[in-house]
């Protein structure tokens, strides 16, 4: 079995952060499934229409809320046994504050350490985006 060569500029790690995509057409809930300093994979129940840049609001480890500007690079439906399990969107961050950059950097560094468990989170129903 051959391994795929990694061409990303920044290392990407697996996470599960609840997220909301804020677009011109409204808000869609999703989950950030992996992240790097340059971008992320976001899983959604249904594929949102993303034409241009949008705001990604995610709740990181420890409940810190990040607000990032992103653009869609690719999208696909992922399935298992012929059944769609989730829609995925690969995004590139276009605007990241220094505070948010440090939060992402810390999360990536922590998960690149050997034997670190992956934290699973659920979105707080009282999570206020505005």
Distance between the stretch 61-116 and the stretch 22-38 - C-alpha centres, whole angstrom: 8
What nm distance separates the two modelled labels at residue 77 and residue 112, each placed 7 Å from Cα along Cα→Cβ? 3.6
Taking 8 Å as the Cα distance limit and 6 or more residues as the minimum spacing, I'd like the relative contact order of the stretch 13-112 as a percentage. 26
For the stretch 26-40, list residues with backbone N below 17 Å from a point placed 7 Å from the Cα of residue 67 toward its Cβ? 26-28
For residue 98 paired with residue 49, estimate the spin-label separation in nm (one decimal), with each label point 7 Å from Cα along the Cα-to-Cβ line. 4.0
Evaluated over the stretch 13-112, the Cα radius of gyration and Dmax, each in Å: 13.0, 42
Most exposed first by the Cβ proxy, i.e. fewest other Cβ within 10 Å, how do 86, 78 rank? 78, 86
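Values quoted throughout were computed directly from the atomic coordinates according to the rules given, and no laboratory measurement underlies them. Remember, it's a predicted structure, so these values are computed and weren't measured experimentally. Neighbour counts are summed over all protein chains in view; Cβ atoms, including those assigned to glycine, are modelled from backbone coordinates with ideal geometry.
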